[in-house]
Amino acid sequence: MDTEQKSALSTLDYPLLTGILLVCSLGLITLYSASGENVDMLIRHSGRLAIAFILMYIVSHIQISMLSNMSLYLYSVGIVLLIVVLIFGSIGKGAQRWIDFGFLRFQPSEIMKITVPMMAAWIMTHNPVMSRRARILLAVLSIVVPCVLIILQPDLGTALLIAASGSIVIFLAGIRWKTILALLVAGALSAPLVWGMVLYDYQKERILTMLDPWSDPLGAGYHAVQSMIAIGSGGITGKGWLSGTQSRLEFIPERSTDFIFSVMGEEFGLWGFILLMLIYLLLVVRGFWIGISVQDTYSKLLAGGLSFTFFAYVFVNIGMVSGILPVVGVPLPFISYGGTSMVTLMVGFGILMSMSKRIKSY
Amino acid sequence: MRRPRENGIDQYVLERRFMLSLVFIAVLSFVLFVRVAYLQIAQYDRFELLSQENHIDRIPLEPVRGLILDRNEEILAHNVQVFNLEILPDRVPDMDRYLQELSHLVEFTREDMKELKTALKSRPSFERQTLKTNLTDEQVAVFSVNQHRFPGVELKVGFQRDYPYGDLTAHIVGYVGRISPDDRELVNEQGEYDGISHIGKIGIESQYEKILKGDPGHSQVEMNAHGRIVRHLKQDLPNSGQTLHLGLDIMLQKESMAALEGYEGAVVAIEPATGEVLALASAPTYDPNLFVNGISQTRYAQLNTSELKPLFNRSIYGQYAPGSTIKGFVSLVGLEHGLEHTREVFCPGWYSLPNNNRQYRCWRRSGHGLIDGYGAIERSCDVYYYDLAVRLGIDRLQEGLMRFGFGQKTGIDLQGERSGLMPGMEWKQKSHNQPWYPGDTVNSGIGQGYMLMTPVQLASVTAILANRGVAITPHLLRLTENPVRQLPESTIVTEQKQIQLQQEEFYDQVIESMRRVVHGFNGTAKGIRTGMLYEMAGKTGTAQVVGIPQGQKYEEENIPKKYRDHALFVGFAPLDDPKIAIAVIVENGGSGGKVAAPIARRLIDYYLLERLGLFVPGVEVLPTGQI
């Protein structure tokens, strides 16, 4: 009790906070250039950041044991919402990812980025009755079901992140390499099935274009090619802030959102990339440190899952923008313009801070 | 050794898995680093270049095509400002909707649509296409208001070639048209045609394409991804094409076309001293302005299949039997070979070769009686020339006439000129695989049989007579001028050569004979001298289109028009200081003296009196000569 009275801010984990603030600053600087010096966009982005920070602060006060107990319920609500979205989606036109409450719109798939690792960690730690094999199967199922529902939306990027967040939890839980191998083989075998029956044509096209974006530089490969030109032409030192021709002259599509890294690459060059990666890795390593230091296994698994998901964001985004992964629509954490993923990320960091607080209280 | 376990999870394994994950993350981070470094270091030069090419564009600046003026600086071809609609296909979200809605705004014909669609299919989608040219003021206004609805469609100010005199100059100036695949060979030269959409297709426009077109300039601009120009970096301006001054007198040309009204035929008028072409008329004609932006299929088919052949430039492509118009030249050849002009021949109304009873008739069935060279030209006696040709023999006749340019191109500066035909033994053997018969020589004496000449050839040889032996090359271009410096760049001087005869007087004798054609009491063109204020020399010709069987009479009224004789006239004036040499051909016009000569008179009168302001009205030249 004493510790909590000392300071309202003592619940915060300062290394994490510093890292997040650094990334956010870099993000604001880049967004100013990417948006064509649009101050309105900057203000809106800052507003969302502020809300997300408050949310993070609130979440950092939630007890992990309580979160653990809520895992199943939160996960179930998420699944129900995903089904609801799919049903409305088939009634409406095209892709449907949103639920609109009038005053608030949100994507149920975002919740799953938190609840899937929670659920997987909960299954792996809270079912002593079940056999280990049954637990692993159940955990795999808890990942596959939301992934399929999200692919059907279709939102390949989010499905990929959720799969990563759940898988890392199972991996950390210490399943045998033989089992991992078996799961990978099963995944590889079901891949053609997914390709043939689940993927939409535009998704197939994206993946094919990734293999050779130059085959159609004005069509499907346009995003990737223009983005690579931007990054490559930045060189080691970059063209300088507000001086990237690819972004300023609007050759990069989605340059404020998913493709904002190409603006950084163009204007700040290789040094900019190294700086950004170092900050991101600082956050990831700190998250892992919390996972290693925290006492209960549920927290360990969840901390690892959340930290790895965060890294997966970074890897998939920069990977697709630099042309080694397909264009799947994953934002760059804390830098891309847009609110949804920012909230999810901050909730994740709030949970990590809640764990970090318990480490200190020892 | 017992490992710590919680919920069946080995804490030691868990810690190791954390470490493994960190290694995995490090590897993935390194992959990203390698990728970004590869793009930014190894591939830097390539992407730097691509990014430059992306936003730096070299826009060609179209040069102004040179003007074409007549001898009095009247504009024959210039460039007028027009508004065109252009489309950038790859910026258009829905082409069908665009075309649908635009067609209501600016009127497309179905053909326009079809043409655009084929263009869209065959050209790359980032290439600009012209949607519609020459918008009316109203269409410009309507489109401007609605422009926001059509991103990717732009209103462009351009220049379009225009021919103010239209059909009057079609066969001379010709026209420009859009550069077509056929022109690629010419156009492929490095950057020569950057930004230029039209090319001279025919006439002067084609002949002098190289100096008319000018050199394109370039503007280096920075462009955004939507193709909008953000700023201009540097510019080198285009150079306008040369201004061409033609020797043509557009007013005389107009008068010539008016004189040919209702006929198919040609008039060529040359200034003998220089060879400058004063008029080059071919009737009927067509409007060259129709071709500038592509003539419609049906319009073209109409012109192309018309029996009157309006697209056919008779003045240089048309080859006609010259008929009696060449008699003066046959006389000159005779004189060169010692057959004096005063030598007399008896004309009974027909001629026959020794040991052959085929009769070659004189146009005058009752004959001319005893007649010499002067009379034979004045009265156009055929028998005299049958006899003269046979005396000379075809070899000497052919060689003699070719000295004046018969059977050879004049070298006028228009493409596609025909050479006519000066037949001979060798030619007939080659082309007909037949020997030359003596009868062929007889016919050649009066410009019939195989002999063919173009109107420009006729005018050209007439100019030699007017010059008393100085041969000129007829030409349209007189001088070129650099429009920027306003200085005459160069005056066109064409080759002139003296055709030397044994005696200078031979020319005088023939010219005097031809004077009598108009001014003599028996001249075949005496009908045109009434009220004439100057003296001139001329020669009529009435060329048979079909052979008339032995013993039958040619009766104009009974013959379908297309088999009627061609009417010809050549001449020059004034006699002592020729300002104009002229050749007139009226297809199926009948008698040269009755149809072609009056046209020549009208045009010479118009040129000398109205255009040059020579001769005081009221002083008539009286007829002279033998009775």
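The values are calculated or read from the model by the stated rules, or taken from the named source; none is laboratory data. Just so it is clear, the structure is predicted and the values come from calculations on it, not from any experiment. All Cβ positions, even for glycine, are placed from backbone atoms using ideal geometry, and neighbour counts span all protein chains on display.
Quick notes
- Qualifying positions in the stretch A:303-322 - without any contact (Cβ under 8 Å) to a residue 60 or more places away in the chain, more than 7 Å from chain B (Cβ to nearest Cβ) and under 17 Å from residue A:272 (Cβ atoms): A:314, A:317
- Set A:355, A:346, A:342, A:320: member being modelled with pLDDT under 95, of a type in the set (A, V, I, L, M), surrounded by 22 or more Cβ atoms within 10 Å (Cβ to Cβ) and within 15 Å of residue B:28 (Cβ to Cβ): A:320
- Lone qualifier among A:164, A:159 - being under 21 Å from residue A:343 (Cβ atoms), at pLDDT 85 or above and more than 13 Å from chain B (Cβ to nearest Cβ): A:159
- Of the residues in the stretch A:291-302, not one is under 24 Å from residue A:32 (Cα atoms), free of Cβ contacts under 8 Å to residues at least 24 places away in the same chain, in a helix (DSSP H, G or I) and not acidic (Asp, Glu).
- Verdict on residue A:347 being in contact with a Leu (Cβ under 7 Å, 6 or more places away or on another chain) and more than 9 Å from chain B (Cβ to nearest Cβ): yes
- Top-ranked residue in the stretch B:536-594 [being in a helix (DSSP H, G or I) and either farther than 23 Å from residue B:459 by Cβ or aromatic (Phe, Trp, Tyr) (or both); ranked as modelled with the lowest pLDDT]: B:556
- The stretch A:246-266, subset of a type in the set (S, T, N, Q) and buried (at least 24 other Cβ atoms within 10 Å of the Cβ), residue nearest to the other protein chains (Cβ to nearest Cβ): A:246
Matching residues to (1) charged (D, E, K, R); (2) in a helix (DSSP H, G or I); (3) within 28 Å of residue B:508 (Cβ to Cβ):
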position: B:287; (1), (2), (3): yes, no, no
position: B:294; (1), (2), (3): no, no, no
position: B:299; (1), (2), (3): yes, yes, no
position: B:304; (1), (2), (3): no, yes, no
position: B:307; (1), (2), (3): yes, no, no
position: B:310; (1), (2), (3): no, no, no
position: B:316; (1), (2), (3): no, yes, no
position: B:326; (1), (2), (3): no, yes, yes
position: B:330; (1), (2), (3): no, yes, yes
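- Taking the stretch B:561-602 as the range and being among the hydrophobic types (A, V, I, L, M, F, W, C) and surrounded by fewer than 24 Cβ atoms within 10 Å (Cβ to Cβ) as the test, the residues that pass are B:575, B:595.
- Among the residues of the stretch B:332-375, those that are in contact (Cβ under 8 Å) with a residue 24 or more places away in the chain and assigned to a strand (DSSP E or B) comprise B:345, B:346, B:347, B:350, B:351, B:360, B:370, B:371.
- With respect to the stated conditions, residue A:154 is more than 14 Å from chain B (Cβ to nearest Cβ), within 27 Å of residue A:319 (Cβ to Cβ), assigned to a loop (DSSP other than H, G, I, E, B) and not charged (D, E, K, R).
- Enumerated strands (runs of 3 or more DSSP E) restricted to the stretch B:147-240, each holding at least 3 residues that are crowded, with 19+ Cβ neighbours inside 10 Å and of a type outside the set (D, E, K, R): B:175-178, B:198-202
- Checked against (1) farther than 30 Å from residue A:132 by Cβ; (2) more than 8 Å from chain A (Cβ to nearest Cβ); (3) not basic (Lys, Arg), residue B:19 passes all but condition (1).
- There is at least one residue in the stretch B:117-126 that is within 23 Å of residue B:180 (Cβ to Cβ), in contact with a Pro (Cβ under 8 Å, 6 or more places away or on another chain), at pLDDT below 80 and among the hydroxyl-bearing types (Ser, Thr, Tyr).
- Every pair of residues 6+ apart whose Cβ atoms lie under 7 Å, when the first sits in the stretch B:179-191 and is assigned by TED's automatic domain parsing to the domain that holds residue B:129 while the second is modelled with pLDDT under 75: B:179/B:187
- Selected residue (criterion: nearest to the chain's Cα centre (by Cα)) from residues of the stretch A:119-133 that are within 12 Å of chain B (Cβ to nearest Cβ) and part of a helix (DSSP H, G or I): A:121
- When residues in the stretch A:12-45 are screened for being touching a residue at least 60 places away in the same chain (Cβ under 8 Å), over 20 Å from residue A:354 (Cβ atoms) and in a loop (DSSP other than H, G, I, E, B), 3 of them pass.
- Close pairs from the stretch B:425-446: first of a type in the set (Phe, Trp, Tyr), partner in a loop (DSSP other than H, G, I, E, B), Cβ under 9 Å, at least 6 apart: B:427/B:407; B:427/B:436; B:427/B:450; B:436/B:423; B:436/B:424
- Taken together, B:222, B:185 contain a single residue that is over 30 Å from residue B:608 (Cβ atoms), among the acidic types (Asp, Glu) and away from chain A (no Cβ under 14 Å), which is B:185.
- Matching entry among B:609, B:622, B:603 (being touching a Leu at 6+ places or on another chain (Cβ under 8 Å) and modelled with pLDDT under 95): B:609
- Elements of the type helices (runs of 4 or more DSSP H) sitting completely within the stretch B:417-513 and holding at least 2 residues that are of a type in the set (A, V, I, L, M) and either under 18 Å from residue B:278 (Cα atoms) or in contact with a strand residue (DSSP E or B) (Cβ under 8 Å, 6 or more places away or on another chain) (or both): these cover B:455-466.
- Residues (within 18 Å of residue A:168 (Cβ to Cβ) and part of a helix (DSSP H, G or I)) located in the stretch A:307-330: A:307, A:308, A:309, A:310, A:311, A:312, A:313, A:314, A:315, A:316, A:317, A:319
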